[in-house]
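Asks: Mind having a look at this structure? Questions to follow.
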Amino acid sequence: MDHRVRRGIGGAGDTKAGVNAPVGARAISSVRTRQLTPYVWKKEQFLHRSILTGLFVCILSAGPLSAAASAEPTGEQGAPAVATTSVTSASEAAAPTDGADLAMWNASPTKAEEVTNTVAPTRLARTLHLQKFAGGIAARGAAMASNLTKNAMKFLGVPYAFGGTSGYGFDCSGYTQHVFATMGIRLPRMADEQYYAGKSFAGKPQLGDLVFFHTYASGVSHVGIALGNDRFVHASSSHGVMVSSLHDSYWGARYLGAKRIAN
């Protein structure tokens, strides 16, 4: 009995174990399948989208290339060739082609010529304006110098007076100061001060310039007003207001130079 019981139990146990083992494996496989199915589905969706995106990009990139290829000459006989060269400079764009109407071409100015034709009259007008302005200044300066020398000549013969500044008597710097004052121009009182107040220039003294000399002391000690042609009017200590020449032996040896005030 013990033997049958053992075999019955053993057989029952074997039968139970044989039935439950496949069921457990299939159950575990089913669970794993249910767990992996969403992941696999999402991965397939991602791959599907990537493939579609790549195809879309390829289509877009192939568009310009196909358009460029269609613009190239086919090489077939009788088919019109499409020009693929481009103008690389403004001179090529402006050059007339064979058979063009040269009369019309020559009659049509380029943009550069239009700009030149516009700028040239402007520059000319500006230049003329500056010349007119400079000529006006020169004319006023010449008129002032002329009036200055006329006023200076009115005092010919007035006696010399040391420290004098009026028509009753002048010294050299008092005379020049008084003549310039009649023109509304203020000069310093002393001859050396008038020398430093003037402006240096190149060339011979002109009408209305101040001419300077050294006489009784070193440095500037005498002054007169130039009349042109190397002549000047001044208040001489020996003859009063008079006209002298820069070529005189006395004044020529003592001449220091000229300065410009009137202009």
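A short reminder: the numbers here are calculations on the coordinates, not readings from a lab. Note that the structure is a prediction, hence the values are computed from the model and not measured. With ideal geometry, Cβ positions are generated from the backbone for all residues, glycine too; neighbour counts draw on all protein chains shown.
Asks: Roughly speaking, what is the stretch gain from K199 to N229, that is 0.36 nm per residue apart minus the C-alpha to C-alpha distance, in nm to one decimal?
Replies: Going from the current span to full extension adds 8.8 nm.
Asks: Once you have a ≥ b ≥ c as the square roots of the Cα gyration tensor eigenvalues for the stretch 160-222, tell me rounded if a/c is under 1.5, and otherwise prolate or oblate according to whether a/b is larger than b/c.
Replies: Because a/c hits 1.5 or more and a/b fails to exceed b/c, the stretch 160-222 counts as oblate.
Asks: While we're on this one: Which order results if K150, K259 are arranged by neighbouring Cβ count within 10 Å, fewest first?
Replies: Listed from fewest to most nearby Cβ atoms, that is K150, K259.
Asks: While we're looking at this one, here's another question. Label the stretch 151-259 by shape, choosing from rounded, prolate and oblate, from the square roots a ≥ b ≥ c of the eigenvalues of the Cα gyration tensor; if a/c is under 1.5 it is rounded, and otherwise prolate applies when a/b is larger than b/c, oblate when it is not.
Replies: Rounded, because the longest to shortest axis ratio a/c is under 1.5.
Asks: Need one word for the stretch 193-235: rounded, prolate or oblate. Basis is the Cα gyration tensor (sqrt eigenvalues a ≥ b ≥ c); a/c below 1.5 gives rounded, then a/b vs b/c decides.
Replies: Oblate.
Asks: For the charge dipole of the stretch 151-259, defined by +1 on Lys and Arg C-beta atoms and -1 on Asp and Glu C-beta atoms about the Cα centroid, which residue among V220, Q206, G157 has the Cα displaced farthest towards the positive pole?
Replies: Positive-most Cα among the choices belongs to Q206.
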